[in-house]
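Data block below; observations after.
The values are calculated or read from the model by the stated rules, or taken from the named source; none is laboratory data. No experiment lies behind these values; they were computed from the predicted model shown. For neighbour counting, all protein chains shown are included, and Cβ atoms are generated from backbone atoms with ideal geometry for every residue, glycine included.
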Amino acid sequence: MGDEPYPECRAQELFDEFVSATTCRAVLRSFSQLCEHLQLDKSSAERLLYQPIKHRLNYWRANALWAKLDRRAAQPEYLRARVCSNTTCVIIGAGPCGLRTAVELSFMGARVVLLEKRDSFSRNNVLHLWPFTIHDLRGLGAKKFHGRFCAGSIDHISIRQLQLVLLKVALLLGVEVHVNVEFKNLVEPPEDQHRHKVGWRMKVSPTSHPVNQMEFDVIIGADGRRNTLPGFRRKEFRGKLAIAITANFKNRNTTAEAKVEEISGVAFIFNQRFFQELRQETGIDLENIVYYKDDTHYFVMTAKKHSLLDKGVILQDFADTEQLLSQRNVDHDALQVYAREAANFSTNHQLPSLDFAMNHYGQPDVAMFDFTCMYASENAAMIRQRHGHQLLVTLVGDSLLEPFWPMGTGVARGFLAALDSAWMIRSWSQGGAPLDVLAERESLYRLLPQTTPENMQKNIGLFSLDPTTRYVNVTPASITPAQVRHLVDTGEEAGLSTHCGDIIRLFNFICPLSRRSLTEYSPRTNQLLTWCQEQTCGYRGVAVKDLTTSWKSGLALCALIHRYRPDLIDFDALDESSAEENTRLSFDVSEREFGISPLTTVEEMLCVGEPDSLSMVMYLSQFRQLLRDSPSALVTPASLLSRLGLSPSRKRNPKVFFDSKRRSSLRVMSRYVLLLSVCSSVCLSVCLSVCSSVCLSVQFAVGCSGVCFFCQKRVYVMERLSAEGFFFHRSCFQCDFCSSSLRLASYAFDQNEGTFYCLHHYDCRLSTAAARRRRLTASDRATSHRTSTVSKQCVCYCQCVYVTVSVGESREVNGCWCKYV
């Protein structure tokens, strides 16, 4: 580095030019000239240019900036810029979030290469800043680069100005910025690694650019909604039709313009008179409007469709939003008039002139877009591994989570995601286990959409890279390593299929007439199959390809249980060849811990060539219904049953009695949940009528899941109950002593006799035969129901059954004294 004397005046002039540069090209040019004057070769100098520049430029204006950057760099999480010194990171996109990520990685000592396909910052739209964002940018010296930054009560900044501030900080910290370079795709490491080890690379345009040959360890997608990084699935959030209009007018910074008050956000519901007067005077009908005064006069509003049609902005009404707002269906001249009228009225006609600022196309900066649909990535990061080389891939900014502009959350949550990603890269660089790194990142990502200024840590002065300084309730274990196994792409397994051709066999066992219902049923079974594949991905010996044969070995069901309750099953100890033991274990654990009774027997599961499709769909749907929204760390018997409003599952020892509330039927309730989830698109009555109308020639043996344990008649899937390994009709499940109907959560079972009892009469099973009541036959029960006078519902004193008695009666029914409800 040296301390040779340099022409101080020229260096100071170049630094001033760099600080005051107002375009991307001017910033890059002035910084290059400054480095050249200070005899710093950016291609061969130390990775961090900050220290050499600081030592060679002794300038009072620069010293104030150095003090702020030194204070930030001294945070313990950075380990004096050594924590990521052996990591090379590529960032796609020079938006605010991409640049903020680059700055953070530079503080940690990483080599950061940033790619931007344009060489200009032209987005005039204004961003709302949360208090922590303002504090964060001030700590990076934003005030030194932009003197008007958040002066007084101002809490916003234009996107273009924010990009310029962060670009200057990034350059000083040694970030390699390449403009007019477009990322195309990733290049996997070659298979031959013997002569020379070659890691992950990328293909960019132009193909002659030297970054094509660069190897890197981490790549970060910050290129907005389009997101060119493959492998990330997106969730769509669709709401009511919302059409937004943004307009930027030239700000000449006159006295008259300075007197105009900003509108931080006015919605129709809070100021109906304003919007009614606007509609009466101009014909413009809005839902809300915001006005910020920055480099431009920035207006953003939500317009109602009928108003745009009446004013001729939209030429023709279409049901499809994309077609409605297509360029050929919009009159841009009418749009400019519409925006100008709305801006003029909302500022009480105080702006002296409303000339549009120009966008990067050289056209008036007014735009209309749809934010009915917003997208969010399902996951924040993933790992790709090929031929011994791992690549950490992550997203930030709009690529990760699109903002809802009326809430002003975009840049704030974008900065939080940038810090969270940097924290993940820090753990990665320190040798953290890949699955642990991904699990922690996904845990933090779950907090992001619900984060607001009100529910963050209050002392923003203590905010740092560490998530615990920013979030209130950080629970890194909310996502376990087992849950993120599918985020490690080794290239050895095919991607998860979202289609299920095999499910076409679902109702074939009934009759061809039911296939019409299958058309409606398939989408839900597709979702069930995809969910099962995601939950069991990565487990040894488990490859879920359908909802039938893939589950015969019992391993898949054991893997599903282990995913959420690893304490119940030691998956590593299971033997793939022991299908009967695995299946029996999974059935027993499911019934004991989750209250999910099997819909078939272990023997049937193993003997038939293909398990019954409908039974498997119903059985697996119960798991999905109970588990799909619950992080694995939170899945316990109590938490599962609390979702049904119930207590933990009953003990099989009948000596332990429940109170009246805890006798609520757990398995009956879960069966109702099952039917709602599985059969919402297929009419239950249709299924049953189809089943009952089919004459099956197959004779079922006793003990088969298709035969009732009590009456020995056929029992169909939709009306089947199961307990203690037996299957039966709902109506046949009765106490052996008093013939009262039993519920699955309140019965007792005598294993020696193979009989079921209500809890009240379990102790009476040893009574003499004369004392025991004769069980009613089917014909007796039918006669009883036809002749009884039903006028009041009552409940048995022992609360084992609901019966009906005549008004004014209180009599013994089935051996129990009853009272009115």
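Take residues that are without any contact (Cβ under 8 Å) to a residue 40 or more places away in the chain and farther than 19 Å from Val218 by Cα and tell me which of the helices (runs of 4 or more DSSP H) falling wholly in region 70-184 contain 1 or more.
Ranges flagged: 131-139, 142-145, 159-172.
Within the group Cys532, Cys558, which residue is modelled with pLDDT of 90 or more and out of contact with any strand residue (DSSP E or B) (no Cβ under 6 Å at 6 or more places or on another chain)?
On the way: Cys532 fails: modelled with pLDDT of 90 or more.
Criteria check complete, one pass: Cys558.
Within the group Ser158, Ser208, which residue is farther than 30 Å from Arg82 by Cβ, surrounded by fewer than 16 Cβ atoms within 10 Å (Cβ to Cβ) and at pLDDT below 95? Quick ask: steps written out before the conclusion?
Details: Ser158 fails: surrounded by fewer than 16 Cβ atoms within 10 Å (Cβ to Cβ).
Step by step, each of Ser158, Ser208 is checked, and only Ser208 is farther than 30 Å from Arg82 by Cβ, surrounded by fewer than 16 Cβ atoms within 10 Å (Cβ to Cβ) and at pLDDT below 95.
Just checking, which of Phe249, Phe268 is at pLDDT 85 or above, over 20 Å from Met382 (Cα atoms) and of a type in the set (A, V, I, L, M, F, W, C)? Reasoning before the result, please.
Numbers: Phe268 fails: at pLDDT 85 or above.
From the options Phe249, Phe268, the qualifying one is Phe249.
Restricting attention to region 355-375, report how many residues are modelled with pLDDT under 90 and closer than 23 Å to Glu287 by Cβ.
Residues in region 355-375 being modelled with pLDDT under 90 and closer than 23 Å to Glu287 by Cβ: 7 in total.
Applying the selection to region 211-233, what residues are outside any loop (DSSP other than H, G, I, E, B) and surrounded by 13 or more Cβ atoms within 10 Å (Cβ to Cβ)?
Answer for region 211-233, where residues must be outside any loop (DSSP other than H, G, I, E, B) and surrounded by 13 or more Cβ atoms within 10 Å (Cβ to Cβ): Val211, Asn212, Phe216, Val218, Ile219, Ile220, Gly221, Gly224.
Please go through region 217-246 and pick out each residue that is farther than 23 Å from Ile157 by Cβ, among the acidic types (Asp, Glu) and either at pLDDT 90 or above or out of contact with any strand residue (DSSP E or B) (no Cβ under 7 Å at 6 or more places or on another chain) (or both). Break it down into steps so the answer makes sense when it comes.
In the first step, residues of region 217-246 are kept if they are farther than 23 Å from Ile157 by Cβ; the result is 217-219, 221, 226-243.
Applying the additional criterion that residues be among the acidic types (Asp, Glu) yields 217, 236.
Selection gives Asp217 alone.
If you go through region 345-354 one residue at a time, do you hit one that is in the same structural domain as Gln280 (by TED's automatic domain parsing) and either outside any loop (DSSP other than H, G, I, E, B) or within 37 Å of the chain's Cα centre (by Cα) (or both)? Please lay out each step first, then the result.
Looking only at region 345-354, we keep the residues that are in the same structural domain as Gln280 (by TED's automatic domain parsing), and these are 345-354.
Retained after the next criterion (residues that are either outside any loop (DSSP other than H, G, I, E, B) or within 37 Å of the chain's Cα centre (by Cα) (or both)): 345-346.
Yes, the conditions are met somewhere in region 345-354.
Give region 564-596 a look and list any residue that's of a type in the set (Ser, Thr, Tyr) and crowded, with 22+ Cβ neighbours inside 10 Å, or say none.
Step one: of region 564-596, the residues of a type in the set (Ser, Thr, Tyr) are 564, 577-578, 583, 586, 590.
Across region 564-596, the qualifying residues are Tyr564, Thr583, Ser586.
If we scan region 325-338, do we find a residue that is among the aromatic types (Phe, Trp, Tyr), closer than 30 Å to Val198 by Cβ and at pLDDT 90 or above?
no
Could you tell me whether any residue of region 487-495 is under 18 Å from the mean Cα position of the chain (by Cα) and at pLDDT 90 or above?
If we filter region 487-495 for residues that are under 18 Å from the mean Cα position of the chain (by Cα), which is where we start, we get 487-488.
This time we only want the ones that are at pLDDT 90 or above, so: 487-488.
Yes, region 487-495 has at least one match.
For region 185-211, what are the residues that are polar (S, T, N, Q) and touching a residue at least 12 places away in the same chain (Cβ under 8 Å)?
Of the residues in region 185-211, the ones polar (S, T, N, Q) are 185, 193, 205, 207-208.
Answer for region 185-211, where residues must be polar (S, T, N, Q) and touching a residue at least 12 places away in the same chain (Cβ under 8 Å): Asn185, Gln193, Ser205.
Check region 197-207 and report whether any residue there is under 27 Å from Gly414 (Cα atoms) and in contact with a Gly (Cβ under 9 Å, 6 or more places away or on another chain).
Among the residues of region 197-207, not one is under 27 Å from Gly414 (Cα atoms) and in contact with a Gly (Cβ under 9 Å, 6 or more places away or on another chain), which makes the answer no.
Met616 fails exactly one of the following numbered conditions: (1) at pLDDT below 80; (2) within 20 Å of Glu724 (Cα to Cα). What is the number of that condition?
Here Met616 meets the rest and fails (1).
Give me the residue from region 750-770 that is of a type outside the set (Asp, Glu), at pLDDT below 80 and surrounded by 11 or more Cβ atoms within 10 Å (Cβ to Cβ) and, out of that set, farthest from the chain's Cα centre (by Cα). Walk me through how you get there before you give the answer.
First pass over region 750-770, keeping only residues of a type outside the set (Asp, Glu): 751-752, 754-762, 764-770.
Filter once more, keeping what is at pLDDT below 80: 751-752, 754, 759-762, 764-770.
This time we only want the ones that are surrounded by 11 or more Cβ atoms within 10 Å (Cβ to Cβ), so: 754, 759-762, 764-765, 767.
Numbers: Gly754: 48, Leu759: 45, His760: 48, His761: 50, Tyr762: 49, Cys764: 54, Arg765: 54, Ser767: 59 Å.
Only one residue tops the list, namely Ser767.
Hey, any hits in region 247-262 for a residue that's over 17 Å from Leu351 (Cβ atoms), surrounded by 12 or more Cβ atoms within 10 Å (Cβ to Cβ) and of a type in the set (Gly, Ala, Ser)?
Residues of region 247-262 over 17 Å from Leu351 (Cβ atoms): none.
Checking region 247-262: not a single residue is over 17 Å from Leu351 (Cβ atoms), surrounded by 12 or more Cβ atoms within 10 Å (Cβ to Cβ) and of a type in the set (Gly, Ala, Ser).
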